[in-house]
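Encoded as structure tokens, the structure appears first; notes follow it.
Just so it is clear, none of the values below were taken in a lab; they were calculated from the coordinates. Only a predicted model underlies this, so the values are computations on that prediction, with no experimental measurement involved. Virtual Cβ from ideal backbone geometry, glycine too; neighbours counted across all protein chains shown.
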Amino acid sequence: MRIVFMGTPDYAAASLQALLDAGYEVVGVFTQPDKPKGRSGKVIAPPVKTLAQQHGIPVYQPRRIRGEGVETLRALAPDLCVTAAFGQILSQEILDIPRLGTVNVHASLLPGYRGSSPVHWAIINGESKTGITTMMTDAGIDTGDILLQAETRILPGETAGELIQRLAAIGAKLLIDTVKAMEKGNCPRAPQDESQMSYYPLLTRELGRIDWRAPAREIVNRIHGLNPWPSAFSASPWGQLKLHRAEETAGSGMPGEILLASPKEGLVIAGGEGAVRIISMQAPGGKAMAPEDFLRGHPLPAGAGHMNGEA
């Protein structure tokens, strides 16, 4: 079976590695163009590209596969295409090329959480479980027939980055189960129940702005759901802080009021209901650290008792 793989981040690389480990013939890989990263602006290759090159697989990086990639894909003559967090929408012309169609490894239990950031939104929304769905890709956004699914608990305090890493391994295994079942001709296939559909949009930096009027649980979920990107943030007496980890705790006050700022006991802030204890934060120009460590060198300024920096 000739397989063309389409994916970009580490999540996708796990599925590509699984195909290679299982002995499948991957005849080409499509991934997003290399991009500058971080303050240095150094151009970095996507993880899928790096892995493919290590195995001598031809790599193609069209800015728009539905335009400049069509003839390249057709020339590869794939029996099956596999996508995982590719980052581009496939046209019907692309979907018509592989003989067996295109399988997508989607990080949610479809039809819930369609869209490009299902893991982040599941944590933000306080879900207790999520999973992986392998599906047949059609011209819609995550609307194709469901093949196989695998469910997992969202662990207490788990960040989006940590959950994506776990789901990558689950997805890689489920992909192999799916391809093997397709080879045997006995892979389940069922249309999605549109009455149970939910769709969530792209993440934006502005989503990270904490509204301290929200209940503490919602604030904590947002902090974890946006870790590592785009990161939750808030104004504070020390400037704008990135908030990486937190937990609910007892306490009450005006939303955003700093209830505790101690090198021994940490940083606690009032929410609309309950309070939030910050576990990991990052000051401007600094690195992520525990509030206790930060507060040893940066005591709360006199008269500043609120996360907007005011008394």
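Side notes on the structure shown:
- Farthest positive-ward along the stretch 88-161 dipole, Cα basis, beta-carbon charges - from 148, 159, 122: 159
- Alpha-carbon Debye profile of the stretch 84-238, log10 I(q)/I(0) at 0.16 Å⁻¹: -0.89
- Nearest-20 debye value, the chain charge dipole, Cβ charges on Lys, Arg, Asp, Glu: 740 debye
- Antiparallel %, DSSP beta bridges [both residues in the chain], to 5: 65 percent
- The stretch 215-311, relative contact order in percent, only Cα pairs under 8 angstrom and at least six apart counted: 30 percent
- Among the GluC sites (Glu not before Pro) within the stretch 231-309, those in coil by DSSP and having at most 16 neighbouring Cβ atoms inside 10 Å are 265.
- Based on Cα contacts under 8 Å between residues 6+ apart, the chain shows a relative contact order of 13 percent.
- Peptides 224-235, 64-75, 102-113, 45-56 ranked from most to least packed, by the mean per-residue count of other Cβ atoms within 10 Å: 102-113, 224-235, 45-56, 64-75.
- Binned Cα-Cα distance frequencies in the chain - 10 Å width, integer %: 6, 25, 28, 20, 14, 7, 1, 0
- Our estimate of slack between residue 139 and residue 64, defined as 0.36 nm per intervening residue step minus the Cα-Cα distance, is 25.5 nm.
- Dipole magnitude of the stretch 4-134, debye to nearest 20 (Cβ charges: Lys/Arg +1, Asp/Glu -1, about Cα centre): 520 debye
- Computed over the stretch 205-297, the percent of Cα pairs more than 15 Å apart is 53.
- Average projection area in nm² (convex hull over Cα atoms of the stretch 13-102, one quarter of hull surface): 6.1 nm²
- Computed from the C-beta positions of residue 54 and residue 165 and an R0 of 25 Å, the FRET efficiency is 0.80 to the nearest 0.05.
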